[in-house]
Amino acid sequence: MVPQIQFPTLTADLIMKYKILKAIDISGLNFLSPVVRLIAQEDPRKQLHEIGRFIIVPIVAFAAFLFLWSALAPKHRTKAGEVPTPGVVWDASKGVWLFHKRETAKADAYLMNSAERRKTLQQATTRLARLDALEAEANRQISDIKAASKEKFDAYVAPSKTAYDAKRAEFRTAKINRENSLKEKAALLATQGTDARIAYLARIRENAVTTEQEKEQLKLLKTTYTEAQTKTFPEVKKAQQAITKLAEERQFLSKYSEMLGAGSRESKTTESESLLAESKNKFLTATDGDFYRLGNTVVKSEDLLATTETSHYAKPWTLPKQIVRSLLCVFTGFLVASAIAIPIGILCGLSPTFMAAMTPFIALFKPVSPLVWLPIIMIIVGGFMPEPENHWLVKALDHVPILKNYKVDPMFLSSALTVALCSLWATLVNTALGVASIEKDHLNVAKVLRLGFTARLFKIVIPTALPLIFAGLRISLAVGWMVLVAAEILSTSQGIGKFVNDMYTNGSSESFAQMFVVVFIVGIIGMFLDRIMIIFQRLVSFDTAGSAI
Amino acid sequence: MRITSILFTAAIISGLAHAEKLAVEKDELKLGFIKLTDCAPIVIAKEKGFFDDEGLSVEVIAQSNWKVLLDNVITGNIDGAHMLSGQPIAATIGIGTKAEVVTPFTMDMNGNGVTVSNSVWEQMQENDPDLDSDKPTHPISSASLKPIVDDMLAEGKKLQLGMVFPVSTHNYQLRYWLAASEIHPGFYSESDVAGRTDAEVELSVTPPPQMPATLEAGTISGYCVGEPWNQQAIAKGIGVPVTTSYDIWKNNPEKVFGVTRKFADENPLTLLALTKALIRAGKWLDETDSSGKLTNREEACRILSQPNYVGADYDIIKNSMTGTFMFQKTDVRDMPDFNVFFKYDCTYPWYSDGVWFLTQMRRWGQISEAKPASWYAEIAKKVYLPGVYMKAAKMLVEEGELTAAELPKTEDGYKPATKDFIDGNEYDGKKPIEYLNSFKIGIKDEGALSGK
């Protein structure tokens, strides 16, 4: 008799649970599985323990990091201000977002139809009127605060100034006195012998040393004095920031109202239409006159109307759009890299001779920095595109739906190619390794079955090597993402790198914190890219290796 | 309803005033600029809608340095740009990149400063105790710098100074300032493109926005640059501005708006429209009320402080743009002409300005061979386009944007001779050879060339 094995009955709930766990496993989000198991009431003690380890501990660690950061950052003073704390960085990210929102609002305003425009214009005008009062109030406040802090400031600076001035005067007289006495002694030297003269040299030396010491002392005092002068009281700073905020809003609203009013596309079209109607009327009704000129004016007005009707607000690049362009750029580079690396990698894996031929190139070019590649590639790409705007590739890409909004230009292509050149090595090497490690039995079976080269490639070689190929692609994408930001900084191709470079060169009080914002954005996007690659890698492989983080 | 209908009527009325709108060949343009306050005319023309009025949709793009900017203009990545006065001239005669670049519009006058590091400033104060006060007398010459240079030379070192580009106004102003107190800044030659032959100090190129950081790092001990990078240095305590280009040469031409000759030939009406918008922007920037106060500058500072334009703090931009300049924390002076965007016929592309830059290029050896006086005039005529300017300005007079009195009055495009230099040397644009030979330091040419 066969013993009966008791299988748990598969209820719908259980199936659901396993499906979720499988999905979590594939996406590499294993820290979520104890939560699912806990909800399914599977060994609660163990699950709570796991939740503690994989969810609570990381959160606590991150909180500790934030705490340390807030505590330590203000301690380090630089010429660009204090190192920003998490709060300041958060505010800066809101500033970046506000700039984006305002520019988008302007672009939208330009295209609005009249009903919407009227309503929005009404709101903007009301807000502008309100701003007058707010600004007057803020200005009154700051003058009060400034008056109050003026005394405080003078009191703060005075002691260091007096100390410096007094010491400076004292040392100056002392120096002159010493020099005079030395000069008097020098007058006597003419009649004195060697010993006296040698002794005199020592005195000169002594004088030089004293002067140097006094200079050092003065320098210290001067530093205290200058530092005192740079003192800004927090309340003044705060009031100034409030005024800046209001003034910036006014700046925006006045431009915004203009875009909603006379500057909108609709108003401009109406204007062009009336111009056209007028010139046409003139042309048709004139009895004599220069018909050639009049006719030309009509044609020109028609052209003007046509361009006005399709015109857009020339919106500056804002961070969200720059991020998308960076992503497009990194994927372009990644695709190029994959297209080169995978075939060559497969060939390397299949033929040890080919591998031997490729080894010097891999060894030589793999360690080259993107910062070396970029200028070279820029010059080469520039050579292919003497007139970028009329180049066939740029023109062709202008018709591609998404790409056309992100202006593919030689700088974009150079950055993408640099990404490709730096990131293809990981894929190449991994592919070669994957192909080379195919079990001989599999290939023997292929021989027995008399499979052709293509069938062997697609039925055996690639499927077996796929997990390693994807492991390589994952590294490539991560490398590419890191390289891209550097390439964009150097090539000033629009993207995250350009944003960082612009902020660095702006050197305003905000920019230091805005660069920190980019650190997090780059990090988060990099993390997502990695996750996506993990999912692909998991989907094609049967084992669980290489997906830990 | 009422507001929009008013706006519509206003639009139509203004439309009628502009009845002869230019049929521009290219209506979507990209203009480049460097993050300096004197890019203002381009930024203002965009933000105040002067480009829109001409039917131009303009994207304004920051460039990382002057070399990249010029290359982008030449390769056509951008259509035109805020340029150093020397750039179109140098490109045309083939110093550096060779390409024909022309200019119909001078963007501003003055606006540069010379900043030295705190330690150099201290030593200058030791050499000249009069400087060690809260408000020293100006102009400060480089005489108190001379002993420092000599001391370093005795130790086998050379004082390192920064400027922004080999053919920049800053390079020539800094050299002028140094040479006026007999500090030799070095000659260029065919084999020495860094310009250090016979030099007592070494000048090197650094992009403007990176000047304060480079000074702080100690790579250079001083620099000559436009705003806000001098004010930035004093505000952050990195260095001390000692003099301004206004003191070196009163009302010196500074930036120009440059395009390639190809662009100018293919798009004459677009260039005219651009020039019109820029003249209006210049006028707007120099608008004053009855008491002579510059009325629009604060708004301009607000606009320039946006991160996509100059991006520095409003307070720092304001220091120099609103008619004052901060030399030390205790020393904020009135300098109403620190930035001139329209007054004194500033925007007109004067041939004599072009000739001055050519004489300086020859003086320091960037032009390696002697040229006759006629050559100087010829090159200036090739690069500067006063014809386009006058046409644009006259159209603006017809449209009521300018008054006839605001048109520059000149017959030949040369400014009268002037002695407004720190060393009092006289400059007459029609006598370049005599001018070259009047300098103590600098290459001299045979007097016979002046007649040719």
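Listing for the model above:
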quantity	calculated
Filter pass, B:Y309 being buried (at least 17 other Cβ atoms within 10 Å of the Cβ), of a type in the set (S, T, Y) and free of Cβ contacts under 8 Å to residues at least 60 places away in the same chain	no
Search result, residues across the stretch B:172-185 that are in contact with a Gly (Cβ under 8 Å, 6 or more places away or on another chain) and either surrounded by 22 or more Cβ atoms within 10 Å (Cβ to Cβ) or at pLDDT below 90 (or both)	B:Y172, B:P185
Residue within the stretch A:408-416 that is in a helix (DSSP H, G or I) and of a type in the set (D, E, K, R) present	no
Within the stretch A:1-92, helices (runs of 4 or more DSSP H) holding 3 or more residues that are surrounded by 15 or more Cβ atoms within 10 Å (Cβ to Cβ) and in contact with a helix residue (DSSP H, G or I) (Cβ under 8 Å, 6 or more places away or on another chain)	A:12-26, A:33-39, A:44-51
Those residues of the stretch A:263-307 which are assigned to a helix (DSSP H, G or I) and either of a type in the set (D, E, K, R) or on the phi > 0 side of the Ramachandran plot (or both), in sequence order	A:R265, A:E266, A:K268, A:E271, A:E273, A:E278, A:K280, A:K282, A:R293, A:K300, A:E302, A:D303
Residue pairs meeting the criteria (Cβ under 7 Å; at least 6 apart or on separate chains; first within 14 Å of A:E206 (Cα to Cα), in the stretch A:174-191; second of a type in the set (A, V, I, L, M) and assigned to a helix (DSSP H, G or I))	A:L182/A:I204
Matching residues, the stretch B:103-123, being surrounded by fewer than 24 Cβ atoms within 10 Å (Cβ to Cβ) and among the aliphatic types (A, V, I, L, M)	B:V120
Identity of the residue in the stretch A:451-494, under 11 Å from A:S326 (Cα atoms) and touching a Leu at 6+ places or on another chain (Cβ under 7 Å), that ends up surrounded by the most Cβ atoms within 10 Å (Cβ to Cβ)	A:A487
Residue that is farthest from the other protein chains (Cβ to nearest Cβ), among those in the stretch A:300-337 that are over 20 Å from A:R265 (Cβ atoms) and among the hydroxyl-bearing types (S, T, Y)	A:T332
Residues within the stretch B:23-64 that are among the hydrophobic types (A, V, I, L, M, F, W, C), at the interface with chain A (Cβ under 10 Å from one of its Cβ atoms) and not in a strand (DSSP E or B), tallied	5
Condition met for A:S149 (closer than 23 Å to A:A242 by Cβ and surrounded by 12 or more Cβ atoms within 10 Å (Cβ to Cβ))	yes
Residue check, B:K329 surrounded by fewer than 24 Cβ atoms within 10 Å (Cβ to Cβ) and farther than 30 Å from B:L402 by Cβ	yes
Any hit, the stretch A:311-322, residues being surrounded by fewer than 16 Cβ atoms within 10 Å (Cβ to Cβ) and among the basic types (K, R)	no
Qualifying helices (runs of 4 or more DSSP H) (wholly inside the stretch A:455-549; at least 2 residues being more than 14 Å from every other protein chain (Cβ to nearest Cβ), under 30 Å from B:M211 (Cβ atoms) and at pLDDT 85 or above)	A:462-491, A:511-540
Given (1) basic (K, R); (2) more than 10 Å from chain B (Cβ to nearest Cβ); (3) under 30 Å from A:A166 (Cα atoms); (4) buried (at least 18 other Cβ atoms within 10 Å of the Cβ), number of the condition A:K222 does not satisfy	(2)
Hits in the stretch B:37-80 (condition: more than 25 Å from B:E287 (Cβ to Cβ) and among the small types (G, A, S))	B:S57, B:A62, B:S64, B:G76
Candidate set from the stretch B:312-323 (those that are in a helix (DSSP H, G or I) and either of a type in the set (D, E) or facing chain A (nearest Cβ under 7 Å) (or both)); member that is surrounded by the fewest Cβ atoms within 10 Å (Cβ to Cβ)	B:D315
Any hit, the stretch B:276-295, residues being away from every other protein chain (no Cβ under 14 Å), out of contact with any strand residue (DSSP E or B) (no Cβ under 6 Å at 6 or more places or on another chain), surrounded by 24 or more Cβ atoms within 10 Å (Cβ to Cβ) and under 22 Å from B:Q173 (Cα atoms)	no
Breaking point among (1) surrounded by fewer than 21 Cβ atoms within 10 Å (Cβ to Cβ); (2) in contact (Cβ under 8 Å) with a residue 60 or more places away in the chain; (3) outside the structural domain of A:T464 (by TED's automatic domain parsing); (4) out of contact with any Asp or Glu (no Cβ under 9 Å at 6 or more places or on another chain), for A:T270	(2)
Counted residues, the stretch B:200-254 - those being more than 21 Å from B:V340 (Cα to Cα), within 14 Å of another protein chain (Cβ to nearest Cβ) and not in a strand (DSSP E or B)	18
Cβ pairs under 7 Å, 6+ apart, first in the stretch A:359-378 and in the same structural domain as A:V483 (by TED's automatic domain parsing), second among the aromatic types (F, W, Y)	A:I362/A:W425; A:K366/A:W425
Helices (runs of 4 or more DSSP H) lying entirely in the stretch B:349-437 (those with 1 or more residues that are surrounded by fewer than 20 Cβ atoms within 10 Å (Cβ to Cβ))	B:373-383, B:386-399, B:432-437
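Yes/no per residue for (1) within 13 Å of chain B (Cβ to nearest Cβ); (2) out of contact with any His (no Cβ under 7 Å at 6 or more places or on another chain); (3) assigned to a helix (DSSP H, G or I); (4) surrounded by fewer than 17 Cβ atoms within 10 Å (Cβ to Cβ):
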| position | (1), (2), (3), (4) |
| --- | --- |
| A:V368 | no, yes, no, yes |
| A:L371 | no, yes, yes, yes |
| A:I376 | no, yes, yes, yes |
| A:I379 | yes, yes, yes, yes |
| A:P386 | yes, yes, no, yes |
| A:E389 | yes, yes, yes, yes |
| A:L393 | no, yes, yes, yes |
| A:V400 | no, yes, no, yes |
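The values are calculated or read from the model by the stated rules, or taken from the named source; none is laboratory data. Just so you know, these numbers come straight off a predicted model, no measurement behind them. Virtual Cβ from ideal backbone geometry, glycine too; neighbours counted across all protein chains shown.
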